[in-house]
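Structure record follows, encoded as structure tokens.
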């Protein structure tokens with residue numbers, strides 16, 4: 001291997017901001033999913049129609065938002081590495 005040629009066999013390093021973004025998205029997604037499920041698991045929570053409507057609305061918002069955060073965190077990593085091939 002010649003030192004003047006770029007090393008195409010190494011995967012590119014993930015930038016620091018991408019790592020922080022992934023951690024924040026994982027944590028936010030996990031918290032949202034925990035809250036969405038915790039609303040229904042709380043003992044002694046009110047069963048009044050207004051409370052149930054509020055819990056249903058929060059769950060309908062937090063569940064997809066949490067899943068989207070987890071999907072973005074999982075997808076925002078380093079992409080598929082394709083080494084350069086001569087033509």
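None of the figures in this text is laboratory data; all of them are computed from the coordinates on show. Here the structure is a predicted model, which is why all the values come from computation and not from measurement. When we count neighbours, we look across all protein chains shown, and the Cβ atoms used for this are built from the backbone with ideal geometry, even at glycine.
Points to keep in mind about this one:
- The three principal axes of the Cα atoms in the range 16-75 give end-to-end lengths of 47, 18, 12 Å, sorted in falling order.
- Simple spin-label estimate for residue 40 and residue 52 in nanometres, 7 Å along Cα-Cβ: 1.3
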